[in-house]
Amino acid sequence: MNAASAEALSLTGASVYDINAGGVYVGNGWDTTGANGAANLYLLATPNDASSFINSGNGATTSLNQDLSSPGSYTFYFRADGGGFNWPTSSAGLNLFFNGANNTPGVSAYVPFNAVHPTVAAYGNNSLGINGGDVLAANSLSFSVGNTTLTLSNFTLFDYAHPAVPNAVPDLVGVYDNTPNHLADYSGSFTVNVSAVPEPGQWAMMAGGIGLLAAMRRRKQAGK
């Protein structure tokens, strides 16, 4: 029996932003696309490891294209420059963009700021987008393409005054580049789970295999 194969799925954008007590985006945040007014968001494969940055480029040239086509669980860590001040917001938001649709998020969520094990909820109001300006958040924790579904299972954001894991190293990035600037970072992570439903032909093969196993078991029991 063959395992289900996933559709082509790439993470091509991410933005992190602030939400006030009323659940409204307040205009502060970072994203993975340069050449706009937002500060840069940098993703890492390993927390605190500057050699594991996933984004390419700095300044206006930074971009993101991370393949997620294989089923499994993926955790991404991120850093963003705090600018030396804290924003007085109660919640943090996250938009994820897929397959080049960088003005329409596929997943949008919010959590309490500085919470180690927050409950992740879907977010559907206006929020920070990629390529500048606001977008309407997806109001969903899942995104599907073809037979493949991606689901957000975790998201955290810590400001620089609360150096919880994974913010053990205070300064990895600047406002627009992935080099230290002597100002402590905001940090966090998110985890997505990718699953692929077997196609009809694969279901038939699986059913046939189960039927064959059942027949062999019956024959074995009859021969006793």
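The values are calculated or read from the model by the stated rules, or taken from the named source; none is laboratory data. What you are looking at is a predicted structure, and each value in this text was computed from that prediction instead of being measured. Methodologically, a virtual Cβ is constructed for each residue, glycine included, from the backbone with ideal geometry; neighbour enumeration extends over all protein chains shown. Only protein heavy atoms, including side chains, enter the accessible area calculation; ligands, DNA and RNA are left aside. Shrake-Rupley method; radii C 1.70, N 1.55, O 1.52, S 1.80 Å.
Restricting the stretch 22-41 to residues that are touching a Leu at 6+ places or on another chain (Cβ under 6 Å) and open to solvent by less than 10 Å² (accessible area, probe 1.4 Å), the residue that is nearest to residue 181 (Cα to Cα) is 30. The numbered conditions (1) modelled with pLDDT of 85 or more; (2) surrounded by fewer than 11 Cβ atoms within 10 Å (Cβ to Cβ); (3) not aromatic (Phe, Trp, Tyr) are all true for residue 220 except (1). Here residue 139 meets each of (1) in a strand (DSSP E or B); (2) open to solvent by 60 Å² or more (accessible area, probe 1.4 Å); (3) without any contact (Cβ under 8 Å) to a residue 60 or more places away in the chain with one exception, condition (1). Among the residues of the stretch 103-119, the ones that are open to solvent by less than 30 Å² (accessible area, probe 1.4 Å), under 26 Å from residue 146 (Cα atoms) and in a loop (DSSP other than H, G, I, E, B) come to 2 in all. Filtering the stretch 50-69 to residues that are more than 16 Å from residue 11 (Cα to Cα) and open to solvent by 50 Å² or more (accessible area, probe 1.4 Å) leaves 50, 51, 58, 60, 61. Considering only residues that are in a strand (DSSP E or B), surrounded by fewer than 19 Cβ atoms within 10 Å (Cβ to Cβ) and small (Gly, Ala, Ser), which ones fall in the stretch 120-136? Once the filter is applied, which keeps residues that are in a strand (DSSP E or B), surrounded by fewer than 19 Cβ atoms within 10 Å (Cβ to Cβ) and small (Gly, Ala, Ser), the stretch 120-136 yields 121, 122.
For the stretch 19-39, residues that are under 23 Å from residue 143 (Cβ atoms) and assigned to a strand (DSSP E or B) total 5.
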